[in-house]
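A.B. asks: One structure, as structure tokens, below. Some questions next.
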Protein chains: 2
Amino acid sequence: MIGLTLKQLRYFEALARHQHFGRAAEACAISQPALSLQIKELEGMFHAPLVERGARQVRLTPIGERLLEKSRQILLAVEELDDLVRASQGPLAGRLRLGIIPTVAPYFLPTIIAALSHRLPELDLELREAVTRSLISDLQEGNLDVAVVALPVSEPSLTEFSLFEEDFVLVRPAADTGKPVPNATTLQAMRLLLLEEGHCFRDQALSFCQFGESQPRQLMEGSSLSTLVQMVGAGMGVTLIPEMAVGFETRSAQVSVDRFPHPRPSRTIGMIWRRSNPLSDQLMQIGAIIRAVGQRSAESD
Amino acid sequence: MIGLTLKQLRYFEALARHQHFGRAAEACAISQPALSLQIKELEGMFHAPLVERGARQVRLTPIGERLLEKSRQILLAVEELDDLVRASQGPLAGRLRLGIIPTVAPYFLPTIIAALSHRLPELDLELREAVTRSLISDLQEGNLDVAVVALPVSEPSLTEFSLFEEDFVLVRPAADTGKPVPNATTLQAMRLLLLEEGHCFRDQALSFCQFGESQPRQLMEGSSLSTLVQMVGAGMGVTLIPEMAVGFETRSAQVSVDRFPHPRPSRTIGMIWRRSNPLSDQLMQIGAIIRAVGQRSAESD
DNA sequence: TCCTATCATTAGCTCAGCTTATCACAATCT
DNA sequence: AGATTGTGATAAGCTGAGCTAATGATAGGA
């Protein structure tokens, strides 16, 4: 593919995104004819049309779709060269897009922000909260640099860096204070309040209770740990929460909090990023900083 | 990395390969100053030197090394666009670089060539014989399109396509004809002739005999199955060969050939290629053709 | 000390690729 | 139907990125 230019791929990607020559050209800060010509040039190289010019609609042809895929791959690799520049310029500085899952963010984010802005003042953190699935695809598409999630994620394209392990605790109505702590089996008989689909914490809790995938049961869903604890306080059932949430969520609620006997349910919190990211070394440094404050805050709980 | 061009990456890659401005320029079919300028342009983008201009020697700086890595990745993806063109132009045609391991090539290659040149006359096969390790790296560097090896190879970047399974048979001196066939354990007491390091067939044979990695023992090495069989004929020991080699290798030698009782040792022969190769669909077609003739020839043995 | 190999610099030219202006076409409205 | 509007293609002209050829600068080696 000699004669191909990155510019052409960028224009094509914009066209695919906007499905409109004029708007794509605007997004690329060029005139519409300039974009048309480059697309035509690309089509010449492929000896085939890449877009269907419909009446009021532009659509990619099948070959166009495949080119789009490859283009994104190439453009992502090129963007990573920017990170290579940053990596070669001493301590980490500039924008860092960090994603966190919702069952970690409220409790741990303040600690992370404080630590990083102290140790790496040049760093410009840009935060995003979403479930693991969505963070992973943002990472893979290059919309995110790094994410804090529960390990393992087992994506071969991502590097995992473990931060710390944390136990789950049982939250029951205040009236249950002092009653014996149920084990995984007896838990199955109680009404368990859980986060809605998509949260990894939901699956971890379910797996501790050894519920099968399919069997229907007494479940209720809440959209945040905070809601769940309030529901428990109102006597609607019991729930599990991660240890780091205890201080924040149970202070004002009428609930009783108990640790499980061994083997305790737990999760591993860690960082993930694209294996191909040239900032890998720097991200490990950041990981080390977060790990240090994470362990300190876990000890002080 | 706006302003970056593929041309610059190509020039840089050539410079890294030749370690010499003049020769790299020649390889790119441009003048030496043109190349110097583009390299300088690149260095401007990185705010750092990428090559050390030594007295009589050009060397990459550490940053240069990392850029080289990324460049190769990007350029490989760009080359794969060529394959996308081919994939979109009907039946597979043009150059196809096929690698085969030495313990398959002599016996199966004629069949493959005949079948493919009959079914895909437009195909221009370019063959290479090497051990698995080397074929894999050629695939990953884009120096090879597809390879026939023993599965599994378990490289996440490669797709595996299984062709057929094939048993190993025992080759003993003709004097042993009629003697009971040894099992894996009794084999350990005999002098086993094997291929030299690097051949996967050697490891498969060793693993059948359940030899540990380290334990020293009565072994001799030959550089081809043909040599091994001749050595067996001369009474120097026994060996295993794959079934497809029986007809070719044992016809003229004074040896006795026996199948093992169940569970028979065997290997799976298959094709591998870069997962990212746009010709994937076409390669599967080729795989289907080879599989068909492979099974037919296995049955007729 | 001079020579040779090697990369950098300079001057000048050419064409790829941009902009603006305009055309061609089809869908929708009146 | 005829007018209008939204859209991409085409045309003409300009500008600068990037090439070549010629020359300069520098460091090893004879």
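The values are calculated or read from the model by the stated rules, or taken from the named source; none is laboratory data. No experiment lies behind these values; they were computed from the predicted model shown. Positions of Cβ are backbone-derived with ideal geometry, glycine not excepted, and every protein chain shown enters the neighbour counts.
Table: residues versus (1) outside the structural domain of residue A:123 (by TED's automatic domain parsing); (2) small (Gly, Ala, Ser); (3) in contact with a strand residue (DSSP E or B) (Cβ under 9 Å, 6 or more places away or on another chain).
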{"site": "A:15", "(1), (2), (3)": "yes, no, yes"}
{"site": "A:29", "(1), (2), (3)": "yes, yes, no"}
{"site": "A:34", "(1), (2), (3)": "yes, yes, no"}
{"site": "A:63", "(1), (2), (3)": "yes, no, no"}
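A.B. asks: Out of curiosity, is residue A:53 in contact with a Phe, Trp or Tyr (Cβ under 9 Å, 6 or more places away or on another chain) and basic (Lys, Arg)?
C.D. replies: Considered against the rule, which asks whether it is in contact with a Phe, Trp or Tyr (Cβ under 9 Å, 6 or more places away or on another chain) and basic (Lys, Arg), residue A:53 comes out as yes.
A.B. asks: Take residue A:202 and tell me if it is modelled with pLDDT of 80 or more and of a type in the set (Lys, Arg).
C.D. replies: yes
A.B. asks: Something else now. Identify the residue in the stretch B:96-115 that is in contact with a strand residue (DSSP E or B) (Cβ under 9 Å, 6 or more places away or on another chain) and either of a type in the set (Gly, Ala, Ser) or not assigned by TED's automatic domain parsing to the domain that holds residue B:281 (or both) and, among all such residues, is farthest from residue A:2 (Cα to Cα).
C.D. replies: Here the answer is B:105.
A.B. asks: Select from the stretch B:79-116 the residues that are of a type in the set (Gly, Ala, Ser) and outside any strand (DSSP E or B) and list them in ascending order.
C.D. replies: B:87, B:88, B:90, B:93, B:105, B:114, B:115 - these are the residues of the stretch B:79-116 that are of a type in the set (Gly, Ala, Ser) and outside any strand (DSSP E or B).
A.B. asks: Taking residue B:73 and the conditions (1) free of Cβ contacts under 8 Å to residues at least 12 places away in the same chain; (2) in the same structural domain as residue B:290 (by TED's automatic domain parsing), which numbered condition does it fall short on, given that it satisfies the others?
C.D. replies: Going through (1) free of Cβ contacts under 8 Å to residues at least 12 places away in the same chain; (2) in the same structural domain as residue B:290 (by TED's automatic domain parsing) one by one, residue B:73 breaks only (2).
A.B. asks: Also, quick follow-up: Quick one: is residue A:113 more than 16 Å from DNA strand C (Cβ to nearest atom) and either surrounded by 17 or more Cβ atoms within 10 Å (Cβ to Cβ) or over 24 Å from the mean Cα position of the chain (by Cα) (or both)? Before the answer, list the steps.
C.D. replies: Details: more than 16 Å from DNA strand C (Cβ to nearest atom): yes; either surrounded by 17 or more Cβ atoms within 10 Å (Cβ to Cβ) or over 24 Å from the mean Cα position of the chain (by Cα) (or both): no.
Considered against the rule, which asks whether it is more than 16 Å from DNA strand C (Cβ to nearest atom) and either surrounded by 17 or more Cβ atoms within 10 Å (Cβ to Cβ) or over 24 Å from the mean Cα position of the chain (by Cα) (or both), residue A:113 comes out as no.
A.B. asks: Of (1) free of Cβ contacts under 8 Å to residues at least 24 places away in the same chain; (2) closer than 30 Å to residue B:122 by Cα, residue B:99 satisfies all except one. Which?
C.D. replies: (1)
A.B. asks: Taking into account only those residues within the stretch B:1-39 that are in contact (Cβ under 8 Å) with a residue 60 or more places away in the chain and away from DNA strand C (no atom under 11 Å from the Cβ), which is farthest from residue A:87 (Cα to Cα)?
C.D. replies: Top of the filtered list is B:10.
A.B. asks: Does at least one position in the stretch A:91-98 carry a residue that is within 16 Å of DNA strand C (Cβ to nearest atom) and surrounded by fewer than 18 Cβ atoms within 10 Å (Cβ to Cβ)?
C.D. replies: Scanning the stretch A:91-98 turns up no residue that is within 16 Å of DNA strand C (Cβ to nearest atom) and surrounded by fewer than 18 Cβ atoms within 10 Å (Cβ to Cβ).
A.B. asks: Could you check residue B:162 against (1) within 16 Å of residue B:266 (Cβ to Cβ); (2) among the polar types (S, T, N, Q); (3) part of a loop (DSSP other than H, G, I, E, B) and say which number it fails?
C.D. replies: In the conditions (1) within 16 Å of residue B:266 (Cβ to Cβ); (2) among the polar types (S, T, N, Q); (3) part of a loop (DSSP other than H, G, I, E, B), residue B:162 misses (3) alone.
A.B. asks: Kindly indicate whether residue B:177 is among the hydroxyl-bearing types (Ser, Thr, Tyr) and within 30 Å of residue B:190 (Cβ to Cβ).
C.D. replies: Against the criterion (among the hydroxyl-bearing types (Ser, Thr, Tyr) and within 30 Å of residue B:190 (Cβ to Cβ)), residue B:177 qualifies.
A.B. asks: If residue A:81 meets every condition in (1) closer than 30 Å to residue B:278 by Cβ; (2) in the same structural domain as residue A:280 (by TED's automatic domain parsing) apart from one, which number is that one?
C.D. replies: It is condition (2) that residue A:81 fails.
A.B. asks: Looking at residue B:76 and the list (1) assigned to a helix (DSSP H, G or I); (2) touching a helix residue (DSSP H, G or I) at 6+ places or on another chain (Cβ under 6 Å), which single condition is not satisfied?
C.D. replies: Going through the list (1) assigned to a helix (DSSP H, G or I); (2) touching a helix residue (DSSP H, G or I) at 6+ places or on another chain (Cβ under 6 Å), residue B:76 breaks only (2).
A.B. asks: List the number of the failed condition for residue B:257; all other conditions in (1) under 30 Å from residue B:86 (Cβ atoms); (2) at pLDDT 90 or above; (3) surrounded by fewer than 21 Cβ atoms within 10 Å (Cβ to Cβ) hold.
C.D. replies: Exception for residue B:257: condition (1).
A.B. asks: Among residues belonging to the stretch A:116-160 that are away from every other protein chain (no Cβ under 14 Å), in contact with a strand residue (DSSP E or B) (Cβ under 9 Å, 6 or more places away or on another chain) and small (Gly, Ala, Ser), point out the one that is surrounded by the fewest Cβ atoms within 10 Å (Cβ to Cβ).
C.D. replies: The residue in question is A:117.
A.B. asks: I've got another one for you. Of the numbered conditions (1) without any contact (Cβ under 8 Å) to a residue 60 or more places away in the chain; (2) within 11 Å of chain A (Cβ to nearest Cβ); (3) touching a strand residue (DSSP E or B) at 6+ places or on another chain (Cβ under 7 Å), residue B:86 satisfies every one except a single condition; which is it?
C.D. replies: (1)
A.B. asks: Is it the case, given these coordinates, that residue B:169 is in the same structural domain as residue B:225 (by TED's automatic domain parsing) and in a loop (DSSP other than H, G, I, E, B)?
C.D. replies: Here the answer is no, as residue B:169 does not meet what is asked.
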